[in-house]
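Please read the structure below before turning to the comments.
The values are calculated or read from the model by the stated rules, or taken from the named source; none is laboratory data. Small disclaimer: the values here were computed from a predicted structure and weren't measured. In this analysis, Cβ positions are derived from the backbone assuming ideal geometry, glycine residues included, and neighbour counts consider all displayed protein chains. The area values use the complete protein model at the heavy-atom level, side chains included, leaving out ligands, DNA and RNA. Shrake-Rupley method; radii C 1.70, N 1.55, O 1.52, S 1.80 Å.
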Amino acid sequence: EDYARSIYRTGLEALTLGDYPLAIQNYNFSQAMQPEMPQPAADQGYIYFTQKKWPQSIDCYKQAVAVNKLLLKRTVEYNSFPETKSGIALDLANTLTNLGVVYKESGNNLLALHSYQEAISYYPNHLDARFNIAVLFWNNDWNKVQQVLEEILKIDPGNSRAQQYLATVYRSVAVNKR
């Protein structure tokens with residue numbers, strides 16, 4: 001496992017330097033050695049996302065989601081510490097949120113919404129997933145946008161981004177009522 005993580009870190013360095021082929025090569029190698037490590041697949045999903053290779057990105061993120069779900073299931077089976085379970089749930093929610101972004105960018109808003117909602121089901125305080133839901137409904141359903149932004153402010157009352165966007169929503173609703 002340590003060797004697989006070392007290879008993964010080498011891939012991460014290549015990613016940071018913009019050497020995507022070398023990063024993918026190292027990620028594939030680390031996954032072959034340690035298939036229950038979600039980070040290489042998620043990072044490959046990011047690489048393909050930046051290249052607008054939607055199907056490949058989706059496949060990689062789905063693979064990372066599956067591994068994270070397996071790891072989360074094991075935290076229950078092994079009666080792991082709450083911090084361990086929470087960390088894996090957050091990683092899963094982040095990966096689902098990233099998958100949702102790929103779905104949105106590829107034109108599938110319904111699957112994007114499903115991914116964001118699933119992220120929230122695993123990590124209820126996941127603000128990025130909530131913001132992305134608001135983005136999906138922006139200019140289409142101001143009531144839904146308002147509801148989502150208000151939920152964010154219940155979780156994080158000082159969230160200036162949610163406050164700013166909510167003010168915009170209130171102005172938009174007022175203009176539309178005229």
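Summary table
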| quantity | calculated |
| --- | --- |
| Helix 160-177 axis, angle to the chain major axis (alpha carbon atoms, nearest 10°) | 40 |
| Degrees between helix 39-50 axis and first principal axis of the chain (Cα, 0 to 90, nearest 10) | 60 |
| Chain lengthening between Ile155 and Tyr3 when straightened (0.36 nm per residue, less Cα-Cα) | 50.8 nm |
| Surface share of carbon and sulfur [accessible, 1.4 angstrom probe, percent] for the chain | 52 |
| Cα long-axis angle, helix 20-33 against the chain (0 to 90 degrees, to the nearest 10) | 70 |
| Cleavage-rule hits (chymotrypsin sites (Phe, Trp or Tyr not before Pro)) in region 39-122: DSSP loop, at most 13 neighbouring Cβ within 10 angstrom | Tyr78 |
| Estimated 222 nm signal from helices in the chain, with DSSP H stretches of n ≥ 4 weighted -39500 (n - 2.57), rounded to 500 | -27500 deg cm²/dmol |
| Residue-normalised accessible area of region 62-178, given per residue in Å² at a 1.4 Å probe | 57 |
| For the chain: relative contact order, % (alpha-carbon pairs under 8 angstrom, 6 or more apart) | 11 |
| Full-stretch length increase - Gln147, Thr84 - with 0.36 nm per residue and alpha-carbon distance subtracted | 19.6 nm |
| Lys73/Trp138 FRET efficiency (R0 45 Å; Cβ-Cβ; nearest 0.05) | 0.80 |
| Reach of Lys154 by Cα under 18 Å, taken over aspartates and glutamates that are not fewer than 8 positions away in the same chain | Asp128 |
